[in-house]
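Input: a single structure, listed below in structure tokens.
The values are calculated or read from the model by the stated rules, or taken from the named source; none is laboratory data. Note that the structure is predicted; figures quoted are calculated from it, not measured. Note that each Cβ is placed from the backbone with ideal geometry, even for glycine, and that neighbours are counted across all protein chains shown. For the accessible areas, the whole protein counts, side chains as well, though only heavy atoms, and no ligand, DNA or RNA atoms are used. Shrake-Rupley method; radii C 1.70, N 1.55, O 1.52, S 1.80 Å.
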Amino acid sequence: MKKVNWFVVLAGAAVGLAAVLLTFLGNPANMGFCIACFLRDIAGACGLHSAAPVQYVRPEIIGLVLGAFVMSVAAKEFRAKAGSSPAVRFVLGALVMIGALVFLGCPLRMVLRLAGGDLNALTALLGFTAGIFIGTRFLNKGFSLRRAYDACAAEGTVLTAVLTGLGVLFMLAPALFKMSEKGPGSMHAPVLASFGMALIVGALAQKSRLCMAGGIRDGILFQDFKLLYGFIAIFAVTLAGNLILGSFKLGFHSQPVSHSAHLWNFLGMVIVGWGSVLLGGCPLRQLILAGSGNGDSAVTVFGMMAGAAIAHNFGLAGSADSVNEAGQYVVGGIQTNGQMAVLIALAALLVISLVHLPKKEH
């Protein structure tokens, strides 16, 4: 293994340790870090959706972006760029978020759920890999969202500035935001602990280029698996932490904020994997790129927040397995409109993939 691979491992270990500690300090089980869930909570806190159990300004998102920004500036890697099909990226961001909320987690939470013993995430991993494989087929055929262009520094700091302002408002006037009184949004670690750990993780993720979609994509295209070492480290550290804390529970049923509707777990993550390849990175990577000056990734993040709002306002998101008042186990999943949304999202990804192939010369 080359030296850079060990740095990826270090970054992954830091993510895993932060996830274990934040869960121990109050974040929902198997959700120490989940980009999709936390962006959804922020969208709810800002009133973009009215799902009361998932509303909270998550300091982890703010810390990740600020950490990436600080590291990119310190390493002289901050580059303000934009203009690579921003409208399409906004739509792709929304589609990826809808797919993630069908599964109830992003690729990072998928790994955390596996490390907690949630076997439903295995189906999701298969779907995620299948989606990435589909995306690489289009990359091989020349798919491109066109190049980005140099932009003024202000363009590259939009998301960083917006999230910093959001964090300041949250600290000074929390009453401005909607806050969950029960459910996942009501469960959170102390603000400073969440922000501090995310700041470190954001800096390490920026330097290591940590990205699960990128790791699987590079493995398929180039037999280069070094980015995946980081996610193996996340899994190993989180698994060890769960075993030490006694929070590991192996099985499909009664897992925290999880459902065992396997087909929809699979298809939801097909959307996430396929969309992430077209975007050039998973949700975590989009946050890190936005903090490093990529205006197109900032547009993607805003698209993900819009996708979270759409998912909850129209009942597209998955519902967790539960036990009813009679003590019966009820399998969750998604409703009919959510199932239709999955099929529409897959069709939209196909259209976007085909439209952005090179035009044949006649």
| Do you know which residues across the stretch 172-202 are open to solvent by less than 20 Å² (accessible area, probe 1.4 Å) and in contact with a Gly (Cβ under 6 Å, 6 or more places away or on another chain)? | Ala189, Ala198, Gly202
| query | Restricting attention to the stretch 239-260, which residues are open to solvent by less than 20 Å² (accessible area, probe 1.4 Å) and closer than 24 Å to Ile334 by Cα? | reply | Gly251, Gln255, Ser258, His259, Ser260
| field | Hits in the stretch 258-281 - residues which are farther than 16 Å from Asp218 by Cβ and among the aliphatic types (A, V, I, L, M) | value | Ala261, Leu263, Leu267, Met269, Val270, Ile271, Val272
| said: With the structure loaded, tell me whether Gly281 is in a loop (DSSP other than H, G, I, E, B), surrounded by fewer than 24 Cβ atoms within 10 Å (Cβ to Cβ) and without any contact (Cβ under 8 Å) to a residue 40 or more places away in the chain or whether it fails that test. | reply: no
| field | Residues within the stretch 105-145 that are crowded, with 24+ Cβ neighbours inside 10 Å and out of contact with any helix residue (DSSP H, G or I) (no Cβ under 8 Å at 6 or more places or on another chain), tallied | value | 1
| field | Residue that is surrounded by the fewest Cβ atoms within 10 Å (Cβ to Cβ) [pool: residues in the stretch 12-31 that are in contact with a Gly (Cβ under 6 Å, 6 or more places away or on another chain) and modelled with pLDDT of 95 or more] | value | Leu22
| remark: Output for Cβ contacts, cut-off 7 Å, separation at least six or different chains, first residue acidic (Asp, Glu) in the stretch 104-121, second surrounded by 24 or more Cβ atoms within 10 Å (Cβ to Cβ) and assigned to a loop (DSSP other than H, G, I, E, B), reads Asp118/Asn30; Asp118/Ser258
| task | Considering only the stretch 72-104, state which residues are in contact with a Ser or Thr (Cβ under 8 Å, 6 or more places away or on another chain) and of a type outside the set (Asp, Glu). | result | Ser72, Phe78, Arg79, Ala80, Arg89, Phe90, Leu92, Gly93, Val96, Leu104
| query | When both residues are 6+ apart or on different chains and their Cβ atoms are under 6 Å apart, which pairs have a first residue that lies in the stretch 84-95 and is closer than 15 Å to Phe143 by Cβ, and a second that is open to solvent by 30 Å² or more (accessible area, probe 1.4 Å) and assigned to a helix (DSSP H, G or I)? | reply | Arg89/Val299
| How about the stretch 1-113: which helices (runs of 4 or more DSSP H) wholly inside it have at least 2 residues that are within 22 Å of Ala290 (Cα to Cα) and in contact with a Cys (Cβ under 9 Å, 6 or more places away or on another chain)? | 35-45, 86-103
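Yes/no matrix, rows are residues, columns are (1) under 26 Å from Gly156 (Cα atoms); (2) open to solvent by 10 Å² or more (accessible area, probe 1.4 Å):
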residue: Phe33; (1), (2): yes, no
residue: Ser50; (1), (2): no, yes
residue: Ala74; (1), (2): yes, yes
residue: Ala80; (1), (2): yes, yes
| note | Checked the stretch 146-171 for anything open to solvent by less than 30 Å² (accessible area, probe 1.4 Å) and out of contact with any Asp or Glu (no Cβ under 8 Å at 6 or more places or on another chain); matches are Gly156, Leu159, Thr160, Leu163, Leu166, Gly167, Phe170
| query | How about the stretch 316-332: which of its residues are among the hydrophobic types (A, V, I, L, M, F, W, C) and either surrounded by fewer than 16 Cβ atoms within 10 Å (Cβ to Cβ) or at pLDDT below 85 (or both)? | reply | Val323, Ala326, Val330, Val331
| field | Tally, over the stretch 158-189, of residues that are in contact (Cβ under 8 Å) with a residue 12 or more places away in the chain, within 26 Å of Leu289 (Cα to Cα) and over 18 Å from the mean Cα position of the chain (by Cα) | value | 7
| When residues of the stretch 322-342 are limited to those that are free of Cβ contacts under 8 Å to residues at least 40 places away in the same chain and either assigned to a helix (DSSP H, G or I) or touching a Gly at 6+ places or on another chain (Cβ under 6 Å) (or both), the one nearest to Gly131 (Cα to Cα) | Met340
| message | I'd like to know if the stretch 140-163 contains one or more residues that are out of contact with any strand residue (DSSP E or B) (no Cβ under 7 Å at 6 or more places or on another chain), of a type in the set (Phe, Trp, Tyr) and in a helix (DSSP H, G or I). | response | no
